1. Filter the range 53-65 down to the residues that are within 9 Å of the ligand (Cβ to nearest atom) and of a type in the set (S, T, N, Q), then identify the one that is surrounded by the most Cβ atoms within 10 Å (Cβ to Cβ).
2. Can you tell me which residue within the range 132-149, out of those that are surrounded by fewer than 18 Cβ atoms within 10 Å (Cβ to Cβ) and either within 14 Å of the chain's Cα centre (by Cα) or in contact (Cβ under 8 Å) with a residue 12 or more places away in the chain (or both), is farthest from the ligand (Cβ to nearest atom)?
3. Select from the range 72-98 the residues that are in a helix (DSSP H, G or I), within 16 Å of the ligand (Cβ to nearest atom) and crowded, with 17+ Cβ neighbours inside 10 Å and list them in ascending order.
4. (1) more than 27 Å from H243 (Cβ to Cβ); (2) more than 22 Å from the chain's Cα centre (by Cα): which one isn't true of R80, the others all being true?
5. Which of (1) under 23 Å from K7 (Cα atoms); (2) more than 11 Å from the ligand (Cβ to nearest atom); (3) in contact with a Gly (Cβ under 7 Å, 6 or more places away or on another chain) does L152 not meet, given it meets every other one?
6. Can you tell me which residue within the range 160-199, out of those that are in a helix (DSSP H, G or I) and open to solvent by less than 30 Å² (accessible area, probe 1.4 Å), is nearest to the ligand (Cβ to nearest atom)?
7. Show the residue pairs meeting these rules: Cβ distance below 7 Å; 6+ apart or different chains; first residue within the range 177-206 and of a type in the set (D, E, K, R); second residue within 12 Å of the ligand (Cβ to nearest atom).
Amino acid sequence: MDRLRGKVAVITGGAGGIGAATVRRFVEEGAQVTIADLDHSKGRALAEDLGPATTFVPTDVSREEDVAAMVAETESRFGRIDVLLNNAGFGGALGPIESTSVADYDLTMDVLLKSVFLGMKHVAPRMKAQGSGSIISTSSVGGLRAGYAPHLYSVAKSAVIHLTRSVALELGEHGVRVNAICPGLIATPLAAGRSDADATRIEQLRVASAASQVLGRVGEPDDVANTALFLAGDESQWITGQHFVVDGGFEAGPPWSQWPEFARVKRPVRHHRPPGR
Ligand SMILES: NC(=O)c1ccc[n+]([C@@H]2O[C@H](COP(=O)([O-])OP(=O)(O)OC[C@H]3O[C@@H](n4cnc5c(N)ncnc54)[C@H](O)[C@@H]3O)[C@@H](O)[C@H]2O)c1
């Protein structure tokens, strides 16, 4: 119950899905939390439900002035910032590369990548001054392998992992840790294909996708929230510059038995000979 006692956290995208589950988990463990999100009604409702340990700050994470103001407001209300979870996101640009507009490219990168840069940029001075802090960013298995997600989503999430490593190397000497989480398929409105997906639609996703999952179920927001809790707290104090795959085994790859051409068909083995030998 006290794993985050005395700590102050900012959670972007904290009004819904993975972010809201993490807000609840952090508050259960004693943290004070700023919920930073575009969605005013869900953000306010969650803050009202959880009481004075939380505050909702309307924020568009792709705008520097919003991020700077939200970080300043958190500090003035709670006195410090120990944890930042850069988590806000959306599906971004869809479709073939040739029909992707530059405006959609910019929006996707702004929401999924620039936001992470802005969050890191604005908490870093505070955390350096304290000599401690944990910055966590929600990447994706789509950032590890092409084909799991649309082009630009994958690229942005991949860049989040690399930014995590790079900034971890800079901030380590100040006691600030920087890590990322790569969720697999998690039962949220985003995974159900629309930000206003209701409980029925999310349940349909669970049922339709369970059989494709190694552990026989899709992930739940709490699966990611529990990993964020570990990375936010002192149990992970010697871990930085890493990404943690939370995907129920999905990224381990399809079992060989699901590839009939490899499992059952006998193929002649081709030995490669370098030219001229
Ligand atoms: N659900 C999955 O299967 C899955 C898998 C891998 C990674 N992720 C990542 O996890 C994170 C959370 O996604 P989720 O599944 O909980 O989605 P969600 O749609 O349930 O929640 C996303 C939240 O981000 C907020 N948001 C969107 N754009 C914003 C902006 N510009 N400024 C501030 N807030 C904004 C939304 O209002 C919403 O509350 C995202 O970064 C997503 O890419 C999700």
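The values are calculated or read from the model by the stated rules, or taken from the named source; none is laboratory data. Small disclaimer: the values here were computed from a predicted structure and weren't measured. Here Cβ is always computed from backbone atoms with ideal geometry, including for glycine, and neighbour counts include all displayed protein chains. Only protein heavy atoms, including side chains, enter the accessible area calculation; ligands, DNA and RNA are left aside. Shrake-Rupley method; radii C 1.70, N 1.55, O 1.52, S 1.80 Å.
1. T59
2. Out of the qualifying residues, it is S132.
3. Answer for the range 72-98, where residues must be in a helix (DSSP H, G or I), within 16 Å of the ligand (Cβ to nearest atom) and crowded, with 17+ Cβ neighbours inside 10 Å: just T74.
4. Only one criterion in (1) more than 27 Å from H243 (Cβ to Cβ); (2) more than 22 Å from the chain's Cα centre (by Cα) is unmet by R80, namely (1).
5. It is condition (1) that L152 fails.
6. Taking the candidates together, the pick is V160.
7. Taking only residues 6 or more apart or on different chains, the pairs are D196/P189; R201/A192; R206/A187; R206/V218.
A quick yes/no check of all residues on (1) outside any strand (DSSP E or B); (2) away from the ligand (no atom under 14 Å from the Cβ); (3) touching an Asp or Glu at 6+ places or on another chain (Cβ under 7 Å):
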residue	(1), (2), (3)
A21	yes, no, yes
R24	yes, no, no
G51	yes, yes, no
V67	yes, no, no
